[in-house]
Amino acid sequence: MGTRMQRLEVLRVILSCNEMGSHEEILKELAKNGWAVTQATLSRDLTKLHAAKILGNGGYRYILPENPLYRRTVKPDVVPQYLRNTGFSSINFSGNMAILHTRPGYAAGLASDIDSHHLSSVAGTIAGDDTILVIISENASRQEFTDELATVIPAVKSVVL
């Protein structure tokens, strides 16, 4: 056996080179590489590496922060109110699209907030410096979209009639 740092490096290589979806699979692979550890130790190691479990092709798998698919989201309810200044200024609609205008530099952050809320009425967002294009899902009405968007941008209710 080596040190914990050596084990973490082996685990990093295993997760980077293989699609592992369960602790059991990872434990077997670690054992093949000379590391007999418990599930509790593996769990602590995965936490130390900031590994995340994502849904991929054919099931769940663990990935590391350097993987482009890695994304941690913050639950909106834990964000303090003083951080909710969204920079939002106006909204216009065209078909199934909404164009949101923000203060310069706020669009990307606000689009990320919208995306992280996984609103059912939003198919996707594209952000510039001060403008966000929101594609509204086909089955969602403008009212449904506006109601959901108000959970992210409370000020939207005051500008949409």
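The values are calculated or read from the model by the stated rules, or taken from the named source; none is laboratory data. On a predicted model such as this, the values are computed, not experimentally measured, just so you know. Please note: Cβ atoms are built from the backbone with ideal geometry, for glycine as well, and neighbour counts cover all protein chains shown.
Yes or no: Leu46 of a type outside the set (Phe, Trp, Tyr), more than 22 Å from Val159 (Cβ to Cβ), part of a helix (DSSP H, G or I) and at pLDDT 90 or above? In short, yes.
Residues in region 123-144 that are within 18 Å of Thr102 (Cα to Cα) and out of contact with any His (no Cβ under 7 Å at 6 or more places or on another chain): Gly124, Thr125, Ile126, Ala127, Gly128, Asp129, Ile132, Leu133, Val134, Ile135.
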